[in-house]
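These notes concern the structure reproduced below.
No lab work stands behind these numbers, since they all come straight from the coordinates. Source: prediction; values computed, not measured. When we count neighbours, we look across all protein chains shown, and the Cβ atoms used for this are built from the backbone with ideal geometry, even at glycine.
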Amino acid sequence: MNHQDRINAGLAGIVVGALVASGIAPYDRVTWLMEVAPVLIALPLLYVTRHSYPLTALLYVLIAIHALVLIGGGAYTYARVPLGFWLQDLLGTARNPYDKIGHFLQGFVPALVAREILLRGDWVRGAKMSAFLCICVALAISACYELIEWAAALLMGQGADEFLGTQGDEWDTQSDMFMALIGAASALLLLSHRHDRQLAGLRKNAAGSGRP
């Protein structure tokens, strides 16, 4: 096991540990399951593809951070996460803003996932077109998530309140998507150069092993 494999194993251990702990006595079991569902899907997928399609170290770290934010929201519900109350007091906001962190990351992380897939597969040429498509993918994911929330509201009625986490904000859907847009743009502006360096190293390693 090389250095990066040990780091990835450590990240996986932290996420799995947090997931198990969050599931022992969550505030609402159904809400917990719906909130951590992306983690339950991503973990096995990342494990299965760790050799055939390893990701950059940057992306593994960001995915782990995003997973921990989702797990925290699932354990407490987004409107009740203690970190959010601390931010509410610090910023003087009218509501617990923890869910906005989640939606920021919902743009930040998928934008880099899309960028890695598009660039590694040579699906797109040019930095401007790549950035445009990555933002489009992040917004599409955000829109799909809002549709899932809408479906949950229709199916569950008042029982979906904890999952929706609107906290009485009639513009919650729009602000959620706006946060995803800010997250996607921030990721591309701040991390594209570092991502490019790690992609170059990944290509070099893959060339010797025959991986994509």
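If one computes P(r) from the Cα atoms of the range 30-89, what percent of pairs lie at distances over 17 Å?
Numbers: 848 of 1770 pairs.
Looking at the range 30-89, the distances longer than 17 Å represent 48 percent of pairs.
Are there DSSP H segments in the chain that both extend 15 Å or more along their axis (alpha-carbon positions) and score a mean Kyte-Doolittle hydropathy of at least 1.0? List them, or say none. Intermediate results must be reported in sequence, preceding the final value.
Numbers: long enough: 3-22 (29 Å, 0.81); 29-48 (27 Å, 1.59); 57-76 (29 Å, 2.06); 98-120 (33 Å, 0.50); 127-156 (43 Å, 1.68); 172-209 (48 Å, 0.01).
TM-like helix candidates: 29-48, 57-76, 127-156.
Work from the charge dipole of the chain (Cβ charges, +1 for Lys and Arg, -1 for Asp and Glu, about the Cα centre) and give the residue of 65, 8, 20 farthest towards its positive end.
Of the options given, the answer is 8.
Explain nothing, just the number: dipole magnitude of the range 3-209 about its Cα centre with +1 on each Lys and Arg Cβ and -1 on each Asp and Glu Cβ, in debye rounded to the nearest 20. Don't skip to the answer; put the middle values down first.
Numbers: 14 positive and 16 negative charges, 236 e Å.
Magnitude of the dipole: close to 1140 debye.
Apply the Debye scattering formula to the range 1-122, with a single equal point scatterer on each alpha-carbon and no solvent, then give log10 I(q)/I(0) at q = 0.16 Å⁻¹.
Treating every Cα as an identical point scatterer, log10 I(q)/I(0) equals -0.82.
Under the 0.36 nm per residue contour assumption, what length would be gained going from the current alpha-carbon distance of residue 123 and residue 61 to full extension?
Computed gain between residue 123 and residue 61 is 19.9 nm.
When only alpha-carbon atoms count, how far does the chain stretch along each of its three principal axes, as whole angstroms with the largest first?
So the extents along the principal axes, rounded to whole Å, are 55, 38, 36.
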